[in-house]
Amino acid sequence: MAKDLYAVLGVDRNASEDEIKKAFRRHARELHPDVNKAEDAEDQFKELNEAYDVLSDSQKRAQYDRFGTIPGAASAGGGYGGSGYVDFEDLFGGGFGGMGDIFSSFFGGMGNTGRTQMRTEGRDMGVGLRLTLEEIARGVDKEIVYDRLSPCPDCGGSGLAEDGKEVTCPKCNGQGRVVTVQRTFLGDMQTATTCPECGGGGKVIENPCPECEGQGRVPDRQHVTVEVPAGIKDGQQLRISGFGEAGLRGARAGDLIVTCRIQPHEFFKREGDALHARANVSMVQAALGADIELDGILPDEKVSVHIPEGCQNDEVIRVKGFGMPKFRSDGRGDMYVHVNVVIPKKLSKKQRELLEELAEEMGEEVADVRSPLQKLKDVFNQ
Ligand SMILES: [Zn+2]
Ligand SMILES: [Zn+2]
């Protein structure tokens, strides 16, 4: 014996087409997933739809009346993705926002139609943090000061006064949504919107905390110390869990996302884990070779650089292990010393004589910058 389709819709066996349509609408609304939290609501809805499928079609209805069987029922394996399912657009004129939810809920999410609830979780927040190259070379603890909605210190985030309690929202009866009708030139437009009273949560507070007015969060200036690991890169982000915006009435807080901004350095240029530096070397040091010392990026660090004999201007000397520390791992990059050969702009008499001697030895013509009087003196001194 097949089930009584008239009973499913709650109508008489001789109900008119219009009565059947109205009954279906009424039941469909009752089984709306936002209204009906019962576990078998979906099954009930399927059953309702199946009954309507048959009874709204005069041919199928006649067949059912005569034989008591459901024509073509369950042929789609219990679901109704097949041919015969009800046209909601027709049924509700396409204007009832809530029907979209039946679609999305029962058809596996055909779109985000009107199920928006006000956010209760706190949002993530972003701040920038300026750091020097020295700071990230060794890693640093930095205090960040920012304004956010913090958990209310008076109620601990619950939003309740001492004798306060949560009750079902009277405006939406706990549904979290209200349906409004707008008159437009196209006809009445019904839209379901988030309940302004409870923000969609379906609950309001009796005797809210006076400090936060029941929100559970208050604007506050927050201080947080962030541990910046050595070797972090410019633009890299650190996430501090729970330090974003506090949630509504104790809901989960967002995170604080710290974007590291590394300021340019006076002497060093960073490239990945490598550090580039310029070193002034005299022409004599460049020619003869030398050992020089540079300041490193770490506090009091000295870097010995061997300038090889015959070093050229702009030559690059690699010093292993004196670059930036590797992010979250051992070891350091290398330092690259760019040699800048410096030519003296002013020479003492003795220095000039030595260079002239060198020029003669190398067979090179040099300019004679002596004054006429000096030349005369030099002749007599020879
Ligand atoms: Zn409070
Ligand atoms: Zn409400």
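For the stretch 251-291, what % of the accessible area comes from carbon and sulfur atoms, probe 1.4 Å?
On the way: 1230 of 2210 Å².
Accessible surface attributable to carbon and sulfur in the stretch 251-291 totals 56 percent.
Please say if the chain is rounded, prolate or oblate, where rounded means a/c under 1.5 for a ≥ b ≥ c the square roots of the C-alpha gyration tensor eigenvalues, and otherwise the choice is prolate for a/b larger than b/c and oblate otherwise?
Values: a/c = 4.81, a/b = 3.05, b/c = 1.58.
Prolate, because a/c is 1.5 or more and a/b exceeds b/c.
Calculate the FRET efficiency for Asn36 and Asp163 from the Cβ-Cβ distance with a Förster distance of 30 Å, rounded to the nearest 0.05.
Given R0 = 30 Å and the Cβ-Cβ separation, E is 0.35.
Please list 246-259, 350-363, 228-241 highest first by mean number of surrounding beta-carbon atoms within 10 Å per residue. Before the final figure, lay out the partial values.
Working: 246-259: 20.0, 350-363: 11.2, 228-241: 15.3.
Top of the packing list down: 246-259, 228-241, 350-363.
Might you report the magnitude of the Cβ-based charge dipole of the chain about its Cα centre, with Lys and Arg at +1 and Asp and Glu at -1, to the nearest 20 debye? Could you put the intermediate results ahead of the total?
Details: 48 positive and 63 negative charges, 90 e Å.
Using Cβ point charges on Lys, Arg, Asp and Glu, the chain gives about 440 debye.
When the helix-only estimate is applied to the chain (DSSP H runs of n ≥ 4, each -39,500 (n - 2.57), divided by the residue count), what is the mean residue ellipticity at 222 nm, nearest 500 deg cm²/dmol? Mind dumping the intermediate values first?
On the way: 10 runs with 94 residues, N = 382.
Value at 222 nm, helices only, nearest 500: -7000 deg cm²/dmol.
At 1.4 Å probe size, with the rest of the protein present, what percent of the exposed accessible area of the stretch 299-350 is carbon and sulfur atoms?
Using a 1.4 Å probe with all protein chains present, the stretch 299-350 comes out at 50 percent carbon and sulfur.
With a Förster radius of 41 Å, plug the Cβ-Cβ distance of Gln236 and Asn340 into 1/(1 + (r/R0)^6) and report the FRET value to the nearest 0.05. Show your work: numbers first, answer last.
Numbers: r = 32 Å, r/R0 = 0.78.
The calculated FRET efficiency here is 0.80.
Classify the stretch 7-56 as rounded, prolate or oblate from the Cα gyration tensor: take a ≥ b ≥ c as the square roots of its eigenvalues, call it rounded if a/c is under 1.5, otherwise prolate when a/b beats b/c and oblate if not. Can you show the working numbers first?
Numbers: a/c = 2.61, a/b = 1.97, b/c = 1.33.
It is prolate, given that a/c is not under 1.5 and a/b is the larger ratio.
What does the extension gain come out to for Lys171 and Ala15, with contour length at 0.36 nm per residue minus their alpha carbon separation? Display every interim value, and only then the final one.
Details: separation 156, 0.36 × 156 = 56.16 nm, distance 3.53 nm.
Length difference between fully extended and current span is 52.6 nm.
Share of antiparallel DSSP beta bridges in the chain, in percent to the nearest 5?
Working: 43 of 58 bridges.
Taking every DSSP beta bridge with both residues in the chain, the antiparallel ones total about 75 percent.
May I ask for the Kirkwood hydrodynamic radius of the stretch 269-342, worked out over all distinct Cα pairs and given in angstroms to one decimal? Kindly include the intermediate steps, with their values, before the conclusion.
Values: mean 1/r = 0.0794 Å⁻¹.
Here the Kirkwood hydrodynamic radius works out to 12.6 Å.
Could you give the distance between the Cα centres of the stretch 272-323 and the stretch 209-260, to the whole Å?
44
Output needed for the stretch 160-208: three equivalent-ellipsoid semi-axes, defined as square roots of 5 times the C-alpha gyration tensor eigenvalues, in descending order, whole Å. All intermediate terms of the calculation are to be shown ahead of the outcome.
Numbers: eigenvalues 190, 11, 8 Å².
Whole-Å semi-axes of the equivalent ellipsoid: 31, 7, 6.
On a full-extension model of 0.36 nm per residue, what is the gain between Thr132 and Ser58, subtracting their alpha-carbon distance, rounded to one decimal in nm?
On the way: separation 74, 0.36 × 74 = 26.64 nm, distance 8.02 nm.
Gain in length upon complete extension: 18.6 nm.
Give me the lysines in straight-line cross-link reach of Lys21: C-alpha distance below 21 Å, same-chain residues under 8 apart excluded.
Answer for Lys21, where 21 Å is the Cα cut-off: Lys3, Lys46, Lys60, listed by chain and number.
Can you give the accessible area of Lys22, probe radius 1.4 Å, in Å² rounded to 10?
120
Could you pull out the pairs from Lys269/Lys346; Lys349/Lys375; Lys37/Lys165; Lys142/Lys269 whose alpha carbons sit more than 20 Å apart here?
Working: Lys269/Lys346 31 Å; Lys349/Lys375 13 Å; Lys37/Lys165 23 Å; Lys142/Lys269 23 Å.
Table pairs above 20 Å Cα-Cα are Lys269/Lys346; Lys37/Lys165; Lys142/Lys269.
In nm, to one decimal, how far is the Ala287 label point from the Gln44 one, both placed 7 Å along Cα→Cβ?
Placing both labels 7 Å along Cα→Cβ, they lie 10.1 nm apart.
Residues in the stretch 239-263, backbone N under 19 Å from the label point at Arg123 (7 Å along the Cα-to-beta-carbon vector): list them, ranges by number please.
Flagged as within label range: 239-259.
Report the calculated FRET efficiency for Arg261 and Lys302 (r = Cβ-Cβ distance, R0 = 41 Å), to the nearest 0.05. List each step's numbers first, then the result.
Working: r = 29 Å, r/R0 = 0.70.
Efficiency at R0 = 41 Å is approximately 0.90.
Note the angle between two axes, namely the Cα long axis of helix 17-30 and the longest principal axis of the Cα atoms of the chain, as a number of degrees from 0 to 90, rounded to the nearest 10.
50
If you count only protein heavy atoms with a 1.4 Å probe, what accessible area per residue comes out for the chain, rounded to a whole Å²?
On the way: 23450 Å² over 382 residues.
Roughly 61 Å² per residue, with all protein chains present.
Using 0.36 nm per residue of separation minus the Cα-Cα distance, give me the extension gain between Arg328 and Ser348 in nm, one decimal. Spell out each step's value before the answer.
On the way: separation 20, 0.36 × 20 = 7.20 nm, distance 5.35 nm.
So the extension gain works out to 1.9 nm.
Pairing the Cα long axis of helix 97-106 with the longest principal axis of the chain, what angle in degrees results, from 0 to 90 and rounded to the nearest 10?
Between helix and principal axis, roughly 80 degrees.
Ignoring ligands, DNA and RNA, what percent of the 1.4 Å accessible area of the stretch 125-242 is carbon and sulfur? Write out the running numbers ahead of the final one.
Details: 3110 of 6870 Å².
Ligands and nucleic acids excluded, carbon and sulfur give 45 percent.
What do you get for the angle between helix 372-381 and the principal long axis of the chain? Use alpha-carbon atoms, 0 to 90 degrees, nearest ten.
50
Return the distance in nm (one decimal) between the two label points of a simple spin-label model at Glu271 and Glu364, each offset 7 Å from Cα along Cα→Cβ.
Distance between label points: 3.0 nm.
The values are calculated or read from the model by the stated rules, or taken from the named source; none is laboratory data. Model, not experiment: these values are computed from the prediction. Note that each Cβ is placed from the backbone with ideal geometry, even for glycine, and that neighbours are counted across all protein chains shown. Side chains included, ligands, DNA and RNA excluded: accessible areas come from the protein's heavy atoms. Shrake-Rupley method; radii C 1.70, N 1.55, O 1.52, S 1.80 Å.
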